[in-house]
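Student: Shown below is the structure under consideration.
The values are calculated or read from the model by the stated rules, or taken from the named source; none is laboratory data. Note that this is a predicted model, so its numbers are computed, not measured. Remember, those area values only see protein heavy atoms, side chains included, never the ligands or the DNA or RNA. Shrake-Rupley method; radii C 1.70, N 1.55, O 1.52, S 1.80 Å.
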Amino acid sequence: MGTILITGGAGFIGSNLCEYFLKKGYSVTCLDNFSTGHRHNIDSLLDNPNFTLLEGDIRNFETCALAVQGKEYVLHQAALGSVPRSINDPITSNDVNVSGFLNMLVASRDAQVKRFVYAASSSTYGDSTHLPKVEEVIGKPLSPYAITKYVNELYADIFSKTYGLECIGLRYFNVFGRKQDPNGAYAAVIPKFVMQLMQHESPLINGTGDFSRDFTYIDNVIQMNELAMLATNVNAINTVYNTAVGDRTTLNELVSYLKEFLSEKDPAIADIQVLYGPNRAGDIPHSLASIAKAQKLLDYNPTHKIREGIKEAVQWYWNNLKE
């Protein structure tokens, strides 16, 4: 089928991509330093003859150069995520997300990779109040993390124009689903809430719960990566796309969905109360994507809305993480 390098391949999104493309018959190399990724995410892949694990750091250019050798496609997922993490430690976030990204671009250019698809972020919209978010209208970044992801887009644009490296950025909107880590200080809200509810603990919502997000199930993200990787329409290349559903859900609504599906398995969860705390620094109030551009140029058709995604995610967490 072809050869793919997936950076951050032991992480939540990366490991799902590794699994998917191996099933499609591709030869897949996973590059990860396991700073936020987990070996258990890729354990089931290690015996596959088409799978190669390369342990290394994108901040090391030699590692990047080695990883891209003989690869047709790069799906670049490696990054230090989390707005709060970047506020607490902007230097490391910049080091990984900007310097590491540039290393991967240069290595991909030198190896004559066919296409470089990378994880961009909805945080790039910053303080723009425009809803729904359209790719060409952004505001000023609200966090160091948002700055790093916007710089990625600028670098990718320059590399496509200056060196002819085909680049496509996918602005992820609050991705969730199987293999997403519920632990740690910077755990994403959905797996964190699921674990708390399963343990009969009250989830803590920052703010009043009226903030809304375009929660995007992992299968939609996999679809977008495949469409971007294989796009043949010249107008579809060297640009960025919202990777989302085109719906928004408040945090209060999210918790009600989680309680609904979890209480089918444990009725006591229905009565767990929600706690409310202060708003988080760097958080935008509302996020809603227009997916018209991806629908038009990539034939994107999301398979999971929020409820279908939550139902599948809850089932996975229940099967894999219930103590």
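Student: May I have the pair-distance distribution P(r) for region 98-215, computed from all Cα-Cα distances with 5 Å bins from 0 and rounded to whole percent?
Tutor: 2, 10, 16, 17, 16, 15, 11, 7, 4, 2, 0
Student: Now a separate question. Can you list the HN-Hα couplings for region 200-206, worked out from phi with the Karplus curve (6.51, -1.76, 1.60; θ = phi - 60°), rounded to whole Hz and with x for Gly and Pro?
Tutor: My calculation for region 200-206 gives 6, 9, 7, x, 9, 9, 7 Hz in order.
Student: Anyone know which of Glu226, Glu308, Glu166 comes out most mobile in the 10 Å Cα GNM of the chain?
Tutor: Glu308
Student: Which of the lysines could a cross-linker bridge to Lys140, judged by Cα under 18 Å and excluding same-chain residues fewer than eight apart?
Tutor: Once the sequence-local lysines are set aside, what remains near Lys140 is Lys149.
Student: With the calculation restricted to Cα positions, what are the radius of gyration and Dmax of region 122-278 in angstrom?
Tutor: When restricted to Cα atoms, region 122-278 yields Rg and Dmax of 18.3, 59 Å.
Student: Tell me, what is the 1.4 Å probe accessible area of Thr232, in Å² to the nearest 10?
Tutor: 130
Student: Over all pairs of distinct alpha carbons, what does the Kirkwood formula give as the hydrodynamic radius of region 38-153, in Å?
Tutor: On the way: mean 1/r = 0.0637 Å⁻¹.
One over the average 1/r among Cα pairs gives 15.7 Å for region 38-153.
Student: Can you pull the percent of the chain's accessible area that's carbon plus sulfur, 1.4 Å probe, other chains left in place?
Tutor: Details: 6880 of 13750 Å².
C and S fraction of accessible area: 50 percent.
Student: GNM, the chain, Cα, under 10 Å: largest mean-square fluctuation among Tyr257, Tyr73, Tyr241?
Tutor: Maximum among the listed residues: Tyr257.
Student: Using the Cα atoms of region 204-262 to build a convex hull, what is its mean projected area in square nanometres?
Tutor: Mean shadow area of the hull around the Cα atoms is 5.6 nm².
Student: Straight-line reach from Lys114: which aspartates and glutamates have a Cα under 12 Å away, not including same-chain ones fewer than 8 places off?
Tutor: Glu72, Glu166
Student: Let me ask another. Rolling a 1.4 angstrom probe over the protein heavy atoms, how many square angstrom per residue are accessible across the chain?
Tutor: Values: 13750 Å² over 323 residues.
With all protein chains present, the chain gives 43 Å² per residue.
Student: How big is D, in µm² s⁻¹, for region 226-323 by Stokes-Einstein at 25 °C and 0.890 mPa s if Rh is the Kirkwood radius over C-alpha pairs?
Tutor: After rounding, the answer is 149 µm²/s.
Student: Run the numbers for His200 and Asp89: contour at 0.36 nm per residue of separation, minus the present Cα-Cα distance, in nm. Mind showing how you got there, number by number?
Tutor: On the way: separation 111, 0.36 × 111 = 39.96 nm, distance 3.23 nm.
Full-extension gain reported as 36.7 nm.
Student: In addition: Jot down the per residue volume, in cubic angstrom and as a whole number, of the convex hull over the alpha-carbon atoms of region 240-291. It would help to have the intermediate numbers written out before the result.
Tutor: Numbers: hull volume 5.5 nm³, N = 52.
Considering the Cα atoms of region 240-291, their hull volume per residue is 106 Å³.
Student: Continuing with this model, one more query. Where both residues lie in the chain, what percent of DSSP beta bridges are antiparallel, nearest 5?
Tutor: On the way: 2 of 38 bridges.
If we restrict to bridges inside the chain, about 5 percent are antiparallel.
Student: Okay, next question. Keeping every protein chain in place, order His304, His200, His286 by accessible area at 1.4 Å, biggest value first, i.e. largest first. Intermediate values should be presented prior to the final figure.
Tutor: Working: His304 20, His200 100, His286 70 Å².
Of His304, His200, His286, the descending order of accessible area is His200, His286, His304.
Student: Which whole-Hz ³J(HN,Hα) couplings does region 297-303 yield from phi under the Karplus relation 6.51 cos²θ - 1.76 cosθ + 1.60, θ = phi - 60°, glycine and proline marked x?
Tutor: 8, 10, 6, 6, 9, x, 8
Student: Same structure, new question: Compute for region 155-245: radius of gyration divided by Kirkwood radius, i.e. Rg/Rh, restricted to C-alpha atoms, rounded to two decimals. Don't skip to the answer; put the middle values down first.
Tutor: Working: Rg = 17.5 Å, Rh = 15.6 Å.
Radius of gyration over Kirkwood radius for region 155-245 works out to 1.12.
Student: Right, another one. Binning at 5 angstrom from zero up to the longest distance, how are the C-alpha pair distances of region 131-199 distributed in percent?
Tutor: 3, 12, 16, 17, 16, 15, 11, 6, 2, 1, 0
Student: Let me ask you something else. If the cut-off is a Cα-Cα distance under 21 Å, which lysines reach Lys322, setting aside same-chain residues fewer than 8 apart in sequence?
Tutor: Lys179, Lys192, Lys259, Lys265, Lys311
Student: Using just the C-alpha positions of the chain as equal point scatterers, what log10 of I(q)/I(0) does the Debye formula give at each q in 0.08 1/Å?
Tutor: Scattering profile of the chain, log10 relative to I(0): -0.34.
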